[in-house]
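These notes concern the structure reproduced below.
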Amino acid sequence: MTLDTKTNLSADELEDLSFDDFDEAINPRPENNDFDAVVEQAISRRGFMGGVLSLGGVTALGAATTALTPISARAAENRFGFTAIAASTEDTITVPDGYNWHVATRWGDPLFSDVPEFDHATRGTAASQARAFGDNNDGMAIFTDKDGHQILVANNEYTNRSVIWGNNPEGKYVSDDDILKGKNAHGLTAAELKEVDGKWQIVKDSPYNRRFTPDEPMDITGPARGHALMQTNADPTGETVLGTFNNCGNGRTPWGTYLACEENFNGYFGTSDADGYEQDAGKKRYGVSGKDRGYGWWKIDDRFDVVKEPNEANRHGYITEVDPYDPTSKPKKRTALGRFKHENAEVVVNFDGRIAIYMGDDERGEFLYRYVSDGYYAEGGNTDALMENGTIYAAKFEADGTGKWLALTPEATGMDKAMICIQTRMAASAVGATTMDRPEWVTANPLKAEVYCALTNNKNRGIKPNAGGDETPVGGPNPREANKYGQIVRWWPSNGDHTADTFKWDLFVMAGNPTVHQDMNGGSTNVNEGNMFNSPDGLSFDNKGLLWIQTDGNYSNEEDFAGQGNNQMLIGDPATGEIRRFLVGPREAEITGISWSADRRTVFVGVQHPGERGDSNWPDGGDKTPRSSIIAVRRDDGAVIG
Ligand code: FEO
Ligand code: CA
Ligand code: CA
């Protein structure tokens, strides 16, 4: 067995790591934080006391004795409309009494009638995959045209090598077609959905059906367009790029477009000439290491060889805007929204008409961002400049429950506008933004100026700096060392103004396990034995102002995670702090992505990577290949659901 010289891990071991662990193995962080700084930023008591964590008259710091306090006193007048369900380790979907579910679409479902149905023996070919629903669906949105057609757009974030190539020895590619099949399973899928005999399914051959693979031509727009760092042999102008991949969460604009958010783009760049690769500071900060995570694209496409095309990696890590209503439209990479490991993009129209877009950078110790447009949104007006001309900010949280948005301007960062958009992480480090516990989805309350962000977990909190060397002290919205469980932070923009430079914040929930821990790892007072979970990730408000919470966490159901079962979806009430479990997913899956049908009688929910370690045959059962899917959940009485 050949071991990687830097990490002493075999190629298999390296490829099986999580995205963050892979990056750290390849680019080790310095071993220690500066502990003086850690001590100085002691845990923020006031931040907790302002919010629901003070339910029951104690702060989160007192959670040891109160974590099991029942919230049943409010049961009779709650807004949930369902009875919470128990945790589960079954290989199926569980929903409350009075609700039902079915699969609307799965990995490999054909978009066109001349494409064969998914073949469990071969798991498809490069050609079939290019015209079928992609793998590992994540963020998604449903759009409705003027005739009522429902158009789904979904991210196909990545592939699990042991699943897509599970028909091959060792679950690896053995041919160029295998590699291309994996590549074509990435990107986005647009498909019309329709209810037939009570079940949602793809309308084959709908004019809206379209795949956006990593080879789809796109325009580069915004400050980075044409910059020297964006130029390649294939595109000496730096103005067009092929494809989008590893899109995690999503956004949607009020003008009816879809936003795909590129996350762990670095894991696709490799090279056969490791000695010839010089990793500069920018490549290092983003984890472009010259070693890919086992996808092999660089073997069939020179773009992904970092020695042959050192700038190609600079052209990924952005947000791409797609018009679902025009299947011939060319997507636009909006560099003005910055380059980092984007989670999602929550677009808010401020009361004055300007656009605010909240965005997380999901890596240990990276930042939370906001973009504010220079221009104003008017329905029916020209919206093209709204995501071109504006300012990116990074969040700074103070221990006293206040915070500031720090503008990433040339004056503040010493970088020009294009560089701020290409090396956004370095710009945010330069202004001293707060290093966060992996910011995942952000969602804004539709009923008031209030915004929530899932901070999923961070085993390096208080232990190691981020990839740029910024310290990660314990405190503020990141209150636990080596954070295993995650938390949800929320903030209120000053004067209800999403463009204001200041805000107040608190924690809505600290996840934990009160059956195992008597300290802060037991979670906040709104976490109990009946609703506990770990690693909040997907977040979305419904129209009633309830917060839907999806998890992507440890599903071992053992030790720190005993009793938490498979990944799940819960619903929280921002007004009371109560959280109820609504859905549990199949084995080894995460629950991610959510959108509603036009009549809001169906909620579509994403189920990603069931059986990523070999222990699931969901949804097709028997000995079938597990398949990432989008399910439709409805009430038995057909009433509106959220
Ligand atoms: Fe693709 Fe941050 O999860
Ligand atoms: Ca996610
Ligand atoms: Ca996650």
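The values are calculated or read from the model by the stated rules, or taken from the named source; none is laboratory data. Quick caveat: nothing in here was measured; it's all calculated off a predicted structure. Counting neighbours? That spans all protein chains shown, and the Cβs are built from the backbone with ideal geometry, glycine included. Surface accessibility is based on the protein's heavy atoms, side chains included, excluding ligands, DNA and RNA. Shrake-Rupley method; radii C 1.70, N 1.55, O 1.52, S 1.80 Å.
Taking the alpha carbon gyration tensor of segment 429-500, multiplying each eigenvalue by 5 and rooting it gives semi-axes of 25, 15, 9 Å, largest first.
Carbon-plus-sulfur accessible fraction, the chain (probe radius 1.4 Å, protein heavy atoms only): 48%.
Annotation for segment 195-299: GluC sites (Glu not before Pro) lying in DSSP loop with at most 10 further Cβ atoms inside 10 Å of their Cβ are Glu278.
Remark: accessible surface ordering of Val347, Val527 (largest first) is Val347, Val527, probe radius 1.4 Å. Taking amide H positions as modeled 1.01 Å from N, with prolines and chain starts lacking one, the residues under 5 Å from Trp596 and 5 or more places away or on another chain are Ile142, Phe604. Bridge orientation summary for the chain: considering DSSP beta bridges with both residues in this region, about 95 percent are antiparallel. The charge dipole of segment 311-353, taken about its Cα centre with unit charges on the Cβ atoms of Lys, Arg (+1), Asp and Glu (-1) only, comes to about 300 debye. Going by accessible surface with a 1.4 Å probe and the largest first, Phe351, Phe397 read Phe351, Phe397. Couplings 3J(HN,Hα) of segment 531-544, computed from phi: 10, 5, 7, 9, 6, x, 9, x, 9, 7, 7, 9, 5, 8 Hz, in residue order, whole Hz [Karplus 6.51 cos²θ - 1.76 cosθ + 1.60, θ = phi - 60°; x for Gly and Pro].
The Cα atoms of segment 583-622 give a gyration tensor whose axes a ≥ b ≥ c have a/c of 1.5 or more with a/b greater than b/c, which makes the shape prolate. Over every Cα atom in segment 186-301, the radius of gyration and the widest Cα-Cα span, Dmax, amount to 17.9, 59 Å. Here's the picture: charge each Lys and Arg Cβ at +1 and each Asp and Glu Cβ at -1 in segment 508-579, and of Leu546, Asn566, Pro514 the one pushed furthest to the positive end of that dipole is Leu546. With N the number of residues in segment 556-640, Rg(Cα) / (2.2 N^0.38 Å) evaluates to 1.24. Excluding ligands, DNA and RNA, the accessible surface per residue across segment 140-267 is 33 Å² with a 1.4 Å probe. Taking the inverse of the mean 1/r over every pair of distinct Cα atoms in the chain gives a Kirkwood hydrodynamic radius of 24.5 Å.
Put simply, the amide H of Ser10, placed in the peptide plane, has neighbours under 5 Å in Asp4, leaving out anything fewer than 5 places away on its chain. Average accessible surface for segment 508-621: 25 Å² per residue, computed with a 1.4 Å probe over protein heavy atoms with every protein chain in place.
Across segment 563-572, coupling constants 3J(HN,Hα) worked out from phi with the 6.51/-1.76/1.60 Karplus curve, θ = phi - 60°, read x, 8, x, 6, 4, 8, 10, 10, 10, x Hz, and Gly and Pro carry x. The convex hull built on the alpha-carbon positions of segment 325-439 has an orientation-averaged projected area of 8.3 nm². Counting only lysines at least 8 places from Lys332 when in the same chain, those with an alpha carbon closer than 22 Å to its own are Lys183, Lys341, Lys417. Per-residue accessible area (protein heavy atoms, 1.4 Å probe) orders Arg461, Arg131 as Arg131, Arg461, starting from the largest. Arg635 sits with roughly 60 Å² accessible to a 1.4 Å probe, with DNA, RNA and ligands left out of the calculation.
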